[in-house]
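Below: the structure, in structure tokens.
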Amino acid sequence: MITFDLDDTLWDNRPTITNAEIETRKWIESKVGNINWGDLNDFLLLREALIEKDQSIAWDISKLRIEIFKEKMKGLGSSHDIQKLAEDAFDFFLKKRHEIKLFHGVEDAIKNLSKNYILGVLTNGNADIYKLNIGKYFKFSISSLEAQDSKPNKSHFELAKNYLLNLTYNEMLHIGDHQINDILGAHSLGINVLWFNDSEASWNQNFEKPEEFSNWQNLENIIKEKYESR
Ligand SMILES: [Mg+2]
């Protein structure tokens with residue numbers, strides 16, 4: 001079994017989210033007029049306050065986004081209208097959030113690997129692989145909503161393992177870009193790991209750096225050499 005992170009592993013997430021964010025703000029302002037969106041620090045403080053009221057916001061990032069939209073539109077309409085607008089704004093955001101451009105070589109690698117392995121998705125985000133064409137190659141997808149937790153905690157990995165009866169962690173391979181959420185999380189359970197590092201980042205963890213790759217066109221060969229020649 002091979003599991004994959006999505007954001008910044010299968011595609012570059014920053015331009016995707018930035019665009020979705022900008023377009024959604026424009027959409028909201030076209031309905032209710034100008035809004036003071038605040039900066040990152042305001043966002044973090046608001047997030048913290050919302051989590052205090054509702055713990056599930058920590059892993060339910062869709063709910064988080066809707067609540068933030070509601071907060072920003074406060075006083076600009078009836079609470080019923082604002083609830084509806086926030087939900088519509090989130091639907092709009094989600095559509096934009098799926099306008100992604102896969103890294104070169106992803107589609108071929110996934111397609112070929114799916115012939116020999118069970119492929120799954122483990123994401124902390126709210127992109128849905130089944131809304132994309134390559135979704136057909138994945139047998140399962142686990143987001144933080146299903147896991148009710150976020151990587152690096154074990155919930156995602158455990159659910160993946162339970163997908164197959166009697167599968168053990170050392171029969172799994174997890175591939176992701178994030179040193180902690182993906183690599184440390186999987187490694188600490190005994191899952192094999194491959195680090196997607198396309199930014200020449202240095203390794204900052206206190207265990208041995210795993211094999212890394214920066215070009216999806218090399219992935220199949222790396223997996224073949226590492227796991228199929230044993
Ligand atoms: Mg990632």
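Only helices (runs of 4 or more DSSP H) whose full extent lies in region 140-230 are considered here, and none of them has at least 3 residues that are at positive phi, in contact with a strand residue (DSSP E or B) (Cβ under 8 Å, 6 or more places away or on another chain) and not basic (Lys, Arg). Residues satisfying the criterion are absent from region 82-93 (criterion: within 15 Å of the ligand (Cβ to nearest atom) and either buried (at least 17 other Cβ atoms within 10 Å of the Cβ) or aliphatic (A, V, I, L, M) (or both)).
Please go through region 37-63 and give me each residue that is within 18 Å of residue 150 (Cβ to Cβ), part of a helix (DSSP H, G or I) and free of Cβ contacts under 8 Å to residues at least 60 places away in the same chain, ordered by number.
Residues of region 37-63 that are within 18 Å of residue 150 (Cβ to Cβ), as a first pass: 43-44, 47-48, 50-52, 54-63.
Checking which are part of a helix (DSSP H, G or I) leaves us with 43-44, 47-48, 50-52, 55-58, 61-63.
Scanning region 37-63 gives 43, 44, 47, 48, 50, 51, 52, 55, 57, 63.
Which of the residues belonging to region 173-189 are within 15 Å of the ligand (Cβ to nearest atom) and among the polar types (S, T, N, Q)? If the condition is that a residue be within 15 Å of the ligand (Cβ to nearest atom) and among the polar types (S, T, N, Q), then 179, 181 are the ones that fit.
Give region 30-43 a look and list any residue that's hydrophobic (A, V, I, L, M, F, W, C) and surrounded by 11 or more Cβ atoms within 10 Å (Cβ to Cβ), or say none.
Our first condition is that a residue be hydrophobic (A, V, I, L, M, F, W, C); within region 30-43, this holds for 32, 35, 37, 40, 43.
Those that are hydrophobic (A, V, I, L, M, F, W, C) and surrounded by 11 or more Cβ atoms within 10 Å (Cβ to Cβ): 32, 35, 37, 43.
Residue pairs whose Cβ atoms lie under 9 Å apart, separated by 6 or more positions or on different chains, with the first residue in region 112-137 and over 16 Å from residue 9 (Cβ atoms) and part of a loop (DSSP other than H, G, I, E, B) and the second more than 16 Å from the ligand (Cβ to nearest atom) and modelled with pLDDT under 95, are 116/228. Between 22, 66, the distinction of being assigned to a helix (DSSP H, G or I) and surrounded by 12 or more Cβ atoms within 10 Å (Cβ to Cβ) belongs to 66 only.
From the list 166, 218, 162, 192, the one residue that fits, being surrounded by 19 or more Cβ atoms within 10 Å (Cβ to Cβ) and more than 16 Å from the ligand (Cβ to nearest atom), is 192. If a residue has to be touching a residue at least 60 places away in the same chain (Cβ under 8 Å), away from the ligand (no atom under 15 Å from the Cβ) and surrounded by 14 or more Cβ atoms within 10 Å (Cβ to Cβ) to count, how many in region 95-107 make the cut? The number of residues fulfilling the criteria is 2. Could you please tell me which pairs satisfy a Cβ distance under 7 Å, a separation of 6+ or placement on different chains, a first residue in region 144-169 that is within 14 Å of residue 185 (Cα to Cα), and a second residue that is part of a loop (DSSP other than H, G, I, E, B) and among the charged types (D, E, K, R)? What qualifies is 155/149.
The values are calculated or read from the model by the stated rules, or taken from the named source; none is laboratory data. This is a predicted model, so every value here is computed, not measured. Don't worry about glycine lacking a Cβ; one is built from the backbone with ideal geometry, like all the others, and counts go over all protein chains shown.
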